[in-house]
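**Student:** Before I ask anything, here is the structure I am working with.
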Amino acid sequence: MFESSLKQMGDALRARKISSVELTQSYLDRMARLNPQLNAYISIDAEKSLAQAKAADARLAAGSADALTGIPIAQKDIFCAKDWLTTCGSKMLHNFVSPYDAHIISQFNNAGAINLGKTNMDEFAMGSSNETSYYGPVKNPWDTARVPGGSSGGTAAAVAARLCAAATGTDTGGSIRQPAALCGISGLKPTYGVCSRYGMIAFASSLDQAGPMGRSAEDLALMMNVMAGFDERDSTSLQRDKEDYTRDLNKPLTGLRIGLPKEFFAEGMGADVAKAIEAAIAEYKKLGATIVDISLPNSKLSVPVYYVLAPAEASSNLSRFDGVRYGYRAPEYSDLADMYEKSRAQGFGAEVQRRIMIGTYVLSHGYYDAYYIKAQKIRRLIAQDFVEAYKQCDVIMGPTSPSTAFKLGEKGDDPVQMYLSDIYTIAVNLAGLPGMSIPCGFGDNDMPVGLQIIGNYFDEARMLNVAHQYQLATDWHSRAPQGI
Ligand code: GLN
């Protein structure tokens, strides 16, 4: 059952070949056995998950089941889930039990999916290795001496190790795609505004987007059918007609124009990654696609632009954590200002504090024009590069990450090295475009390599099929880590 697709699981549940309680219990047993080595989950609550499974079984019996009814899905711990501890990977929220559901969580609840637990993540989604989590690092199931990527590293490890059927992630600069690549799974960051951010703890609001992570593109399409949709509680949620994200699966790729940005294939990419990406492109040619050389001249500025804008938004968003209304409060303080200072100094980890300081600096009087406004202008140029590129191609492909999974501790004291992990993913967030990563082979040390597919606005259904056709022709996505 652990190798079944979401569709197969749903079919087995509706045919009453297995009950949701049995399915959920078998995942919980596997988690009890494997999570201690991987640390993929922050919260597991068997009683809550099984109660949902019981309700799902009743719904299955009544014949009113949806595609995901009864299927155990893990949720990144950035999503507020009613009565669940919701920490965002931070000591600041170590005691925060959410009184309400994020929009995404209620969508899964309405679909009858089971919340299997809350997955580990970099603190406030800041990181590329899951090492900034207050709850300790997550281990990569392919090699537990290596990182799973971040910030959705717990989700990526849980999916790869078959500790859930599929799971959610969020992506501000690459946090769905990069961990998907490093753990050998599939992940999609939708067009900005397609999934509601209501109840998703904010990092950089103009970039944050929720999306699905799973073992295949077909699974991601079913997850998107649940996750996407308008929500009036998020002012950036887009009012669009409901889509069936599976609608394009099985369309042939004949005539598909794949743009290869020359900047992505210049220096910086590991030789082992390059080899796997080239082989994937060759496979796409066999499937009938044609290759177009394109250029994204401003994409080289995306990392510096991001590290002005994302910290600026974070410094503002994280000002709400002050020790007053909820979350961590320092045990000893002299007055109100001292209480704020000590609570924030003790409640936030080093990387989060670094971002708050950078953000406060670039927004301060005298620097605002030089940094923040300039970065906003370059953001527009980066987005315009894509508009030009899509006049010549249908999708853009390249690597997701410059290297495969690195060793735990390897980049810990060099923030810039860590920031460069997202060199191929960040421009997509700055432009608000959809992007995905799918497994396309293995590099040095037998670690997975991810192929990035970037689409035009709202072109998720086509992208999912582009990934699906590749997955019909290859089996990288169905390889499972051995030895855990
Ligand atoms: N690694 C990037 C950062 O630390 C992106 C994180 C994300 O997408 N949430 O900001």
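Each value in this text was obtained by applying a stated rule to the coordinates, not by laboratory testing. Small disclaimer: the values here were computed from a predicted structure and weren't measured. Glycine gets a Cβ as well: all are built from the backbone with ideal geometry, and neighbour counts include every protein chain shown.
**Student:** Count the DSSP beta bridges whose two residues both fall in segment 33-142, then state the antiparallel fraction as a percent rounded to the nearest 5. Please report the intermediate quantities before stating the final value.
**Tutor:** Working: 3 of 8 bridges.
Beta bridges within segment 33-142, antiparallel portion: roughly 40 percent.
**Student:** Which of the trypsin sites (Lys or Arg not before Pro) found in segment 383-484 are loop residues per DSSP with 11 or fewer other Cβ atoms within 10 Å of their Cβ?
**Tutor:** Values: sites: Lys391, Lys407, Lys411, Arg462, Arg479; in loops: Lys391, Lys411, Arg479.
Hits after loop and neighbour filter: Lys391.
**Student:** While we're on this one: Arranged by the count of other C-beta atoms within 10 angstrom, fewest first, what order do Phe2, Phe79 take? Don't skip to the answer; put the middle values down first.
**Tutor:** Details: Phe2 15, Phe79 27.
Starting with the residue having the fewest Cβ neighbours, the order is Phe2, Phe79.
**Student:** Add -39500 (n - 2.57) for each DSSP H run of 4 or more in the chain, then divide by its residues: what number comes out at 222 nm, to the nearest 500 deg cm²/dmol? Please report the intermediate quantities before stating the final value.
**Tutor:** Values: 15 runs with 179 residues, N = 484.
That comes out to -11500 deg cm²/dmol.
**Student:** How would you order 234-246, 158-170 from highest to lowest mean count of nearby Cβ atoms within 10 Å? Mind showing how you got there, number by number?
**Tutor:** Working: 234-246: 14.2, 158-170: 28.5.
Top to bottom by mean Cβ count within 10 Å: 158-170, 234-246.
**Student:** For Lys374, list the lysines whose Cα falls under 18 Å from its own Cα; do not include residues on the same chain fewer than 8 positions away.
**Tutor:** Result set, ordered by chain and number: Lys300.
**Student:** Moving on to the next point. For the peptides 189-202, 413-426, what is the packing order when you average, over each peptide's residues, the other Cβ atoms within 10 Å and list the highest mean first? Let's see the in-between values first.
**Tutor:** Working: 189-202: 24.3, 413-426: 19.9.
Going by the mean number of other Cβ atoms within 10 Å, highest first, we get 189-202, 413-426.
**Student:** A follow-up question, please. Kindly provide the Kirkwood hydrodynamic radius of the chain in Å, to one decimal, from all pairs of distinct alpha carbon atoms. Don't jump to the answer; show the numbers that get you there.
**Tutor:** Numbers: mean 1/r = 0.0451 Å⁻¹.
After inverting the mean inverse Cα-Cα distance, the result is 22.2 Å.
**Student:** What is the dipole size for segment 1-68, taken about its Cα centre, with +1 at each Lys and Arg Cβ and -1 at each Asp and Glu Cβ, in debye to the nearest 20? Numbers along the way, then the final one.
**Tutor:** Values: 9 positive and 8 negative charges, 26 e Å.
Its charge dipole is roughly 120 debye.
**Student:** Note down the magnitude of the dipole of segment 242-334 about its Cα centre, charges +1 on Lys and Arg C-beta and -1 on Asp and Glu C-beta and zero elsewhere, to the nearest 20 debye. List each step's numbers first, then the result.
**Tutor:** Values: 12 positive and 12 negative charges, 54 e Å.
Roughly 260 debye, rounded to the nearest 20.
**Student:** List the trypsin sites (Lys or Arg not before Pro) within segment 1-102 that fall in a DSSP loop (any state other than H, G, I, E or B) and whose Cβ has at most 14 other Cβ atoms within 10 Å. Spell out each step's value before the answer.
**Tutor:** Numbers: sites: Lys7, Arg14, Arg16, Lys17, Arg30, Arg33, Lys48, Lys54, Arg59, Lys76, Lys82, Lys91; in loops: Arg16, Lys17, Lys82.
Within segment 1-102, the qualifying trypsin sites (Lys or Arg not before Pro) (loop, at most 14 other Cβ atoms within 10 Å) are Arg16, Lys17.
**Student:** Taking every DSSP beta bridge that has both residues in segment 61-210, what percent is antiparallel when rounded to the nearest 5? Before the final figure, lay out each step's value.
**Tutor:** Details: 5 of 12 bridges.
So the antiparallel bridges amount to about 40 percent of the total.
**Student:** Oh, and also: Of Ala330, Leu253, Ser343, which is farthest along the charge dipole of segment 221-370 in the positive direction, counting Lys and Arg as +1 and Asp and Glu as -1 at C-beta?
**Tutor:** Leu253
**Student:** Which of rounded, prolate or oblate describes segment 116-179 when judged by the alpha-carbon gyration tensor and an a/c cut-off of 1.5? Present the calculation step by step, with values, prior to reporting the outcome.
**Tutor:** Numbers: a/c = 1.42, a/b = 1.15, b/c = 1.23.
In terms of gyration-tensor shape, rounded.
**Student:** Treating the beta-carbon of each Lys and Arg as +1 and of each Asp and Glu as -1, no other charges, what is the dipole magnitude of the chain about its Cα centre, to the nearest 20 debye?
**Tutor:** Details: 47 positive and 52 negative charges, 101 e Å.
Once rounded to the nearest 20, the dipole reads 480 debye.
**Student:** If each residue's Cβ is checked for other Cβ atoms within 10 Å, how do Ile453, Ile73, Ile378 rank with the fewest at the top? Show your work: numbers first, answer last.
**Tutor:** Values: Ile453 28, Ile73 23, Ile378 17.
The order, fewest Cβ neighbours first, is Ile378, Ile73, Ile453.
**Student:** Segment 291-378: which GluC sites (Glu not before Pro) are DSSP loop and have at most 13 other beta-carbon atoms within 10 angstrom?
**Tutor:** Details: sites: Glu313, Glu332, Glu341, Glu351; in loops: Glu332.
Answer by residue number: Glu332.
**Student:** How high is the relative contact order of segment 74-207, in percent, with contacts defined as C-alpha pairs under 8 Å that are six or more residues apart?
**Tutor:** Working: 302 pairs, mean separation 33.5, N = 134.
It comes to 25 percent, rounded to a whole number.
**Student:** What is the fewest-to-most order of Met1, Met223 by other Cβ atoms lying within 10 Å of their Cβ?
**Tutor:** Values: Met1 14, Met223 28.
The most exposed by this proxy come first: Met1, Met223.
**Student:** Using the C-alpha gyration tensor of segment 318-383, what are the square roots of 5 times its eigenvalues, in whole angstrom, with the largest one first? Please report the intermediate quantities before stating the final value.
**Tutor:** Details: eigenvalues 199, 31, 18 Å².
Its equivalent ellipsoid spans semi-axes of 32, 12, 9 Å.
**Student:** Using the charge dipole of the chain (Lys, Arg: +1 at Cβ; Asp, Glu: -1 at Cβ; taken about the Cα centre), state which of Ile44, Ala370, Val147 has its Cα farthest towards the positive end.
**Tutor:** Comparing the listed Cα positions along the dipole, Ile44 ranks first.
**Student:** If you take the square roots of the eigenvalues of the alpha-carbon gyration tensor of segment 116-251 and sort them as a ≥ b ≥ c, do you get rounded (a/c under 1.5), prolate (a/b over b/c) or oblate? Kindly include the intermediate steps, with their values, before the conclusion.
**Tutor:** Details: a/c = 2.31, a/b = 1.34, b/c = 1.73.
Oblate, since a/c reaches 1.5 and b/c is not below a/b.
**Student:** Applying a 10 Å radius around every beta-carbon, put 434-447, 254-267 in order of their mean neighbour count, most first.
**Tutor:** Details: 434-447: 23.4, 254-267: 16.1.
In decreasing order of mean packing, 434-447, 254-267 become 434-447, 254-267.
**Student:** Right, another one. What are the residues whose amide H is under 5 Å from the amide H of Ile42, where those residues sit 5 or more places off or on another chain and H is modelled from the backbone?
**Tutor:** It is Lys118, Thr119, Asn120, by chain and number.
**Student:** Moving to a separate point now. Of all DSSP beta bridges in the chain, what percent run antiparallel (nearest 5)?
**Tutor:** Numbers: 26 of 40 bridges.
The answer is about 65 percent antiparallel.
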